[in-house]
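> Below you'll find the structure I mean.
The values are calculated or read from the model by the stated rules, or taken from the named source; none is laboratory data. As the structure is a prediction and not an experimental result, all values here were calculated from the model. Note that we place each Cβ from the backbone using ideal geometry, even for glycine, and neighbour counts take in every protein chain shown.
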Amino acid sequence: MTEREIQFLEMEELLKFSRICSKVDFDIDVSFRKGRIDAKSILGLLSIELGEKVKLIAHSQEEETDRYFQEFYA
């Protein structure tokens, strides 16, 4: 399991993140002020406020997580 702090400044970033999450074969969660959501749920992701720092929790190796999600790290 790998944890990283991420942030979305624009809606396009959030939508790109959602597309990537839907393609990977491991579980991904996002933890933030309202609790924990499945990162593969677009409705859940839309509850994140732009600019808010949240925690990415990926059930994968660090190298794999970084390869897919590094551009979103806060």
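> Look at the stretch 17-74 and say how many of its residues are basic (K, R) and either more than 15 Å from E3 (Cβ to Cβ) or free of Cβ contacts under 8 Å to residues at least 12 places away in the same chain (or both).
6
> Further question: If F69 passes every condition in (1) of a type in the set (A, V, I, L, M, F, W, C); (2) assigned to a helix (DSSP H, G or I); (3) surrounded by fewer than 18 Cβ atoms within 10 Å (Cβ to Cβ) but one, which one does it miss?
So the condition that F69 fails would be (3).
> Separate question: Restricting attention to the stretch 44-60, does a residue exist that is out of contact with any strand residue (DSSP E or B) (no Cβ under 6 Å at 6 or more places or on another chain), outside any loop (DSSP other than H, G, I, E, B) and among the charged types (D, E, K, R)?
So far as the stretch 44-60 goes, no, none of its residues is out of contact with any strand residue (DSSP E or B) (no Cβ under 6 Å at 6 or more places or on another chain), outside any loop (DSSP other than H, G, I, E, B) and among the charged types (D, E, K, R).
> Which one is nearest to F8 (Cα to Cα) among residues in the stretch 49-74 that are among the aliphatic types (A, V, I, L, M) and at pLDDT 95 or above?
That would be L50.
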